[in-house]
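Below is one structure, written out as structure tokens; comments come after it.
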Amino acid sequence: MSNKNNLKDKIKKPNAPQAFFNSYDTKENVNDSNNNNNNETIDEINVKDNNTNNNKNIEINNNKTYVNDNDVVDDNDYLRELAAGKKAIKKKPKKVFTSFYMDPDLAAEVDKIAARGEKGDKSRLINQGIRSLLEEYGVINKS
Amino acid sequence: MTATIVTFGISKGGCSKSTSSGITSYLLSQEERVLAIDMDGQGNLTSFLTGEYDICNVFEEKTVLEAIIEGDARPYIIRIQENLDLIPSNDFLATLPRHMYSKGLKLNALQKTLEPVMKDYDWIIIDTPPSLSEQTILPLSTYSEGGSHVVIMFDGSMFAYYAIPKFIEMVEGAKERYNPNLNTAGILFSLIDSRAKENEVMLESIEEDHPNLKFDTIIKRKASTRRLPIAGFDGNPELKNALEYYIPFVKELKERVEQKQPQG
Ligand SMILES: Nc1ncnc2c1ncn2[C@@H]1O[C@H](COP(=O)(O)OP(=O)(O)OP(=O)(O)O)[C@@H](O)[C@H]1O
Ligand SMILES: [Mg+2]
């Protein structure tokens, strides 16, 4: 569910069918987090090919965030090697599960790079991208 | 061309959903290929079309429940007669939500189940229970290129009158989440007791609340219609009488559905 829907639900009380549909949003999450509760990374990127959506960029869904731990691992070196097509060595970081919408062109590139790696590399790449951006913005300290 | 889906529903019991979906399936199958699906654990549509009432034993593990869990309708389709097939149900359909939960299935699960057979039929006619539940929401959330429609049953009673907007909310919810082209074909008046003096007022109220949704055809109470599950369709001497109101209804339904048909 989008942020907009979340907000809407706070303003307008959902009717019974909406509550029913919403209950399936959480059910999916429960399952997802159950399947992955060993701190495994999750590659869940929803590509929404919707042309009205181009300015939406990244939409982080608060409902879908499951915090396992706050450990942060810098995957920069690993990803640099992966992107260059070299043999990369993996670390096992702790992650938080979330889902969001990506621009289709970005999603395609990310998929291409991740296809060369292994499970979890998609998440690593996304994390690294946002990390760099937030460092540039001065929101977090350079690691 | 993929099948046109028509789901019969209303969250009020006894408004003739099973009777109407069964007769509609039968009438459409006279000329076109029809798959009827029973999404109500009562299995009334199943019994109506098969004549079988021992549904828990006869259809043990051969129902729409197993079809949805496996995500494939094909092994569960039974032949009723030429051009008319059925996916039966029985009381075990009550366990559907639990199975969906443990399998992580979403509300578009019936979509996946029907995909392999969508092109085998002209019509998929679905009967639903009188409740807000998976059994009702799954059909509403099933998209077809050939169109997905809803017939809302109304028996002229106060309880059903207030169930209509609630059912429309379900339709809207399914539309928003899974099935953007879902269309309400109309509200079908059934079982109207021609002597009841409030009928006129009910008809007017529906017209005001939901302009142009009411089907022109009104299904009147008929003993021969009520006897159909006993006598069956084959060799039934009063068949013509029993179907009298349903013939113009099906014609109207086809016209409405065609108007909304996605082009191409
Ligand atoms: N046109 C009709 N004339 C006479 N009796 C009818 C007619 N339509 C339905 N009935 C009878 O009304 C009763 C309720 O019909 P039906 O079982 O089809 O309703 P339903 O909406 O499917 O009920 P439920 O909500 O329990 O699934 C049945 O006994 C049926 O035989
Ligand atoms: Mg019924």
*Exactly one of (1) under 14 Å from residue B:9 (Cα atoms); (2) part of a helix (DSSP H, G or I); (3) touching a strand residue (DSSP E or B) at 6+ places or on another chain (Cβ under 9 Å) is unmet by residue B:203. Its number?*
(1)
*asked:* Can you tell me which residue is farthest from the other protein chains (Cβ to nearest Cβ) among those in the range B:172-186 that are surrounded by fewer than 22 Cβ atoms within 10 Å (Cβ to Cβ) and without any contact (Cβ under 8 Å) to a residue 40 or more places away in the chain?
replied: B:184
*Since residue B:190 meets every condition but one in (1) modelled with pLDDT under 95; (2) closer than 22 Å to residue B:139 by Cβ; (3) of a type outside the set (Asp, Glu); (4) in a loop (DSSP other than H, G, I, E, B), which condition does it not meet?*
(4)
*List the helices (runs of 4 or more DSSP H) that sit entirely inside the range B:1-77 and contain at least 1 residues that are hydroxyl-bearing (Ser, Thr, Tyr) and either within 14 Å of ligand 1 (Cβ to nearest atom) or within 14 Å of chain A (Cβ to nearest Cβ) (or both).*
B:17-28, B:44-50
*State whether one or more residues within the range B:171-178 are out of contact with any Gly (no Cβ under 9 Å at 6 or more places or on another chain) and farther than 29 Å from residue A:23 by Cβ.*
no
*Give the residue, chosen from B:128, B:113, B:142, that is surrounded by 22 or more Cβ atoms within 10 Å (Cβ to Cβ) and over 18 Å from residue A:20 (Cα atoms).*
B:113
*asked:* Given the criterion among the aromatic types (Phe, Trp, Tyr) and at pLDDT below 50, identify the matching residue among A:66, A:101, A:137.
replied: A:66
_Condition broken by residue B:223, with the remaining ones in (1) within 16 Å of ligand 1 (Cβ to nearest atom); (2) at negative phi; (3) surrounded by 13 or more Cβ atoms within 10 Å (Cβ to Cβ) satisfied_ = (3)
*Enumerate the pairs (first residue in the range A:11-24 and more than 7 Å from chain B (Cβ to nearest Cβ); second residue anywhere and in a helix (DSSP H, G or I)) with beta-carbon separation below 7 Å, excluding pairs fewer than 6 apart on the same chain, so at least 6 apart or on different chains.*
A:14/A:22
*Could you tell me whether the range B:51-64 includes any residue that is touching a residue at least 60 places away in the same chain (Cβ under 8 Å) and either within 10 Å of ligand 2 (Cβ to nearest atom) or touching a Leu at 6+ places or on another chain (Cβ under 8 Å) (or both)?*
no
*Take the residues in the range B:83-110 that are more than 14 Å from chain A (Cβ to nearest Cβ) and among the hydrophobic types (A, V, I, L, M, F, W, C), then tell me which one is surrounded by the most Cβ atoms within 10 Å (Cβ to Cβ).*
B:87
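The values are calculated or read from the model by the stated rules, or taken from the named source; none is laboratory data. No experiment lies behind these values; they were computed from the predicted model shown. Positions of Cβ are backbone-derived with ideal geometry, glycine not excepted, and every protein chain shown enters the neighbour counts.
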